[in-house]
Every structure is written in C-alpha cells, then in structure tokens.
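Asker: Shown below is the structure under consideration.
The values are calculated or read from the model by the stated rules, or taken from the named source; none is laboratory data. Predicted model only: the values in this text are computed from it and were never measured. So basically every Cβ, Gly included, is an ideal-geometry build from the backbone, and we count neighbours across all protein chains shown. Keep in mind that these areas ignore ligands, DNA and RNA; they rest on the heavy atoms of the full protein, side chains included. Shrake-Rupley method; radii C 1.70, N 1.55, O 1.52, S 1.80 Å.
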Number of protein chains: 2
Amino acid sequence: MSSAESLERLEVALTPQERFEEYLQSRGQRQTKPRKFLVETIFAQHAHFDADELIEKLPRKGEPDYVSSATVYRSLREFVDAGLLNSFQLDGRTVYELDYGYPQHDHLYCTRCRKLIEFRSESLVETRDAAAAEHGFRVTGHRLIVQGVCRECAGSRRKKRKQDLV
Amino acid sequence: MSSAESLERLEVALTPQERFEEYLQSRGQRQTKPRKFLVETIFAQHAHFDADELIEKLPRKGEPDYVSSATVYRSLREFVDAGLLNSFQLDGRTVYELDYGYPQHDHLYCTRCRKLIEFRSESLVETRDAAAAEHGFRVTGHRLIVQGVCRECAGSRRKKRKQDLV
DNA sequence: CTAAGTGCAAATCTTTTGCAGAACG
DNA sequence: CGTTCTGCAAAAGATTTGCACTTAG
C-alpha cells in the first residue's frame, strides 16, 4: 500500500466491524468470514490502497482466509456504500482510503514519488459552497487532488520524469 | 458530447491548429491529415467529451476522413500533451475538454443528469496554495469536482436514483 | 528515400458478472 | 431450509500496443 502523511483518527462510538454489521443488518445482508476478514485487514492500518494492493496483502489461493478477487471487489464497493471507505480515481485505478473514524480531508499528490498527502482546509469547503451557491447547485461532496511535487522530492533536485502526469 | 454551462473563450495568438503545429515541429513530429481533422472537429465546438463520444461524431469506417480509434486515442493524448486539451477521470472514463483558449476553471457535477458545469474561483486557488505551502508542496495544478444536484434537477423534485455516485 | 504515422487486430488492465456449490441466520 | 455469498472463469469496457503498410517532409 502507498505511504501517506496521515491525519489523526477520530473518536467513534462503534468499531468499523460493528458499524459494518449494522449496515449489513439494516439491509438484510449477512456477516460472513470474508467480509469480517477484509474489514479487519483494511482497518489494521492507515493507508491508501487499490484493489490490487489489497489483494497482494491477503493470503494466496490455497492458504487459510483466502478471499477471491471477485469478493474483494464486491466487498470494497460495499464498504464504500457502508461509509467505511472512500474511493476516488487516480492514474486510472480506483484508490480507497479509510473514511469511518477519519476527518474529511483532501489530497496533495506528488507526481514524482506518487505519494498522497492528506490535508484539511475549512476555507476550502467554504469557497466551494460559495461557488456552488452562485449556480444554485446543492453540494453533496467533492473530490480535490492537488498535483505537484512534495517537499522531499523537491529537495532531492531530480529532473522531471516522463511519468509526471496530468 | 455532454452539454455544459460554459465559460467565455479567451483571446489567443495562435489558432489551435497553429499551436499544435508548433508543438509537433518542436518534437520532430508530423502534421498529418488525421491529426488536422481531429483538431478541427474537436475545436469546432465547446463541450466535454470522452473518446467514445468523439468517435461517434467522426466518419465511419469506409467514409472519407475516417480515423481509426487507435489514432483517436493516440491523438487525444498528444493534444493533452500539447496543451490543447485537458483531461480528467469521471465515472471510470477519461473526459476531455478544450484547454487552449479557455480560462482555468473547475467543475460542478450533477449526479442526477450528469451535467458538468464550469465555474471559476480565484479564492479557491489561493486556498489551495496556502494549504500546499504548509506542507512544503510545490503545486503544478489541481483537479476539483464538486458533486451535487444542479438547479434544474433540484427543481424537478425527483427521488434519488441508484446511480447517484460518489 | 526514410522516419514517423496509421489501421487493424490482438493484447492489457481493471472491474464486473453468471452460475453452481457453500454457508449464514 | 431458503437465501445470500463466494469462488471460478468468462465477460466486459476502456485503452494500449505490435506490426506491416502508408505517407509526410
């Protein structure tokens, strides 16, 4: 999974597992071994990850607790739906991050080392709402990614690489 | 191509064709019939579009000026590189918009009708830069999409659809 | 001429889906 | 027990790529 400068975790009433259980019950769905195992694995660390990176960390086919990738993909969507995870697109793939128990934030994306840095900005939300209001637009959320070069990469003065995208 | 509330076009010294020609020359690449035709088609209107929508508007196989989709994809990337177009990800696909000759802006995305509304905000950029500065991050650009419901859709009180994503 | 560009078809990559058997409640 | 889930493999959708032929300069 990718490294990332992270924000503090918040106090929450329920554990992710409990919260997910509520979600499942409310929809007549079942608490299963793969789902439990995935929630556990994902919340065992704070990091951004995509489906593939998650699958890499899981037991392989044949080993105990193996989960097929179809189930991984299906579960990730449920977790987003349940409010456990957030997702967004980056360089073509879907990136997930912990949402439940973490404050709303945005990202700085270093195009050199591909690191995602989280940051909070109150005024950003205000500006967003003001702009939306001018268009009679009712905001439900937003996705902001600021591209650039992080402190570390800027320090080690390397020349721009071809991969510095978008 | 999708409808969109649009911003004014700016004054620019070169036409998109000329600008692209410069780009090609600077890299020892060639001005070809397909490339010329694509630039012409794309800049003939202001709209957001993806590769597939563009291909739909082009002549079919067998007709004059037909361009293979491989070439469409290849060219779109060149146009972005050349600064003619901008691109971003939306609902899984790559969306393009005219960049050369248009002011920098962000988007409101209506999750009901899928319309993209452009808006400008000076303070947004300032806020972005301030936040980035706190992390010693050198900004090269950003991508912001504000999700919600546009005036028209909010007016015609329809209930939320399943597709109201992220 | 000859390097760059194009069309075609096949290959990738990521994610989704149909289905038969497994497992919750 | 009746559903809901899962694993498997195949499908799908978007984009890329290898290659032989075409074309711009």
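Asker: Once Lys and Arg get +1 and Asp and Glu get -1 on their Cβ, which of A:Thr15, A:Cys110, A:Thr140 lies farthest toward the positive end of the dipole of chain A?
Answerer: A:Cys110
Asker: Another question about this same structure. Mind pulling the angle between the C-alpha long axis of helix B:33-43 and the longest principal axis of chain B? Nearest 10 degrees, somewhere in 0 to 90.
Answerer: Between the helix axis and the principal axis of chain B, the angle is about 30 degrees.
Asker: Separation of the range B:72-91 and the range A:105-152 by C-alpha centroid, Å?
Answerer: 22 Å
Asker: I'd like the orientation of helix B:69-81 relative to chain B: the angle between its Cα long axis and the longest Cα principal axis, in ° from 0 to 90, rounded to 10.
Answerer: With both axes taken from Cα atoms, the answer is about 70 degrees.
Asker: Let me ask something additional. Give, in whole angstrom and from largest to smallest, the semi-axes √(5λ) of the equivalent ellipsoid of the range A:20-72, with λ running over the eigenvalues of the Cα gyration tensor.
Answerer: 21, 14, 9
Asker: Compute the Rg to Rh ratio over the range B:42-166 from the alpha carbon atoms, using the Kirkwood formula for Rh, and round to two decimal places.
Answerer: 1.03
Asker: May I pose another question? Could you work out how far helix B:122-134 tilts from the main Cα principal axis of chain B, as a 0 to 90 degree angle to the nearest 10?
Answerer: 80 degrees
Asker: Remind me, what semi-axes does the range A:112-158 give for its equivalent ellipsoid, largest first in whole Å, using sqrt of 5 times each Cα gyration tensor eigenvalue?
Answerer: 32, 10, 9
Asker: Quick one: with label points 7 Å out along Cα→Cβ, list the inter-copy distances for B:Arg114 in nm, shortest first?
Answerer: Listed shortest first, these distances are 3.0 nm.
Asker: Based on alpha-carbon atoms only, what is the radius of gyration of the range A:92-140 relative to the globular estimate 2.2 N^0.38 Å?
Answerer: For the range A:92-140, the normalised Cα radius of gyration comes out at 1.44.
Asker: A follow-up question, please. Rounded to the nearest percent, how much of the accessible area of the range B:103-165 (1.4 Å probe, protein heavy atoms only) is carbon and sulfur?
Answerer: Working: 1610 of 3190 Å².
Heavy-atom surface of the range B:103-165 belonging to carbon and sulfur, 1.4 Å probe: 50 percent.
Asker: So what is the accessible area of chain A per residue, in Å², with the probe set to 1.4 Å?
Answerer: Values: 9030 Å² over 166 residues.
About 54 Å² of surface per residue is accessible.
Asker: Could you tell me what % of all Cα pairs in the range B:42-100 have separations over 18 Å?
Answerer: That tail contains 32 percent of the Cα-Cα pairs.
Asker: Cα-Cα pairs above 32 Å in the protein assembly as shown: how many percent?
Answerer: Within the protein assembly as shown, distances greater than 32 Å cover 39 percent of Cα pairs.
Asker: If we hang a label 7 Å off Cα along the beta carbon direction at B:Gly155, how far is it from the matching labels on the other copies, in nm, shortest first?
Answerer: Values, ascending and in nm: 5.5.
Asker: Now a separate question. Using helices alone, I'd like the mean residue ellipticity at 222 nm for chain B: each DSSP H run of four-plus residues gives -39500 (n - 2.57), total over residue count, nearest 500.
Answerer: -10500 deg cm²/dmol
Asker: Given points 7 Å out from each Cα along the Cα-Cβ axis, report the B:Asp129 to B:Arg60 separation in nanometres with one decimal.
Answerer: According to this spin-label approximation, the distance is 5.2 nm.
Asker: Determine the shielding of peptide A:60-70 by partner chains: average, over its residues, the number of Cβ atoms on other chains within 10 angstrom of each Cβ.
Answerer: For this peptide, the per-residue mean of nearby foreign Cβ atoms is 0.
Asker: Tell me: how much accessible area in total is hidden between B and A, 1.4 Å probe, Å², nearest 100?
Answerer: The B and A chains share an interface burying roughly 3000 Å².
Asker: Using the Cα centre of the range A:39-81 as the reference point, and only Cβ charges (+1 on K/R, -1 on D/E), how large is the resulting charge dipole? Debye, rounded to the nearest 20.
Answerer: I would put it at about 120 debye.
Asker: While we're here: Along Cα→Cβ, 7 Å out, is where each label goes; now give me the distance between the ones at A:Glu122 and B:Arg9 in nm to one decimal.
Answerer: Simple spin-label model gives 4.4 nm for this pair.
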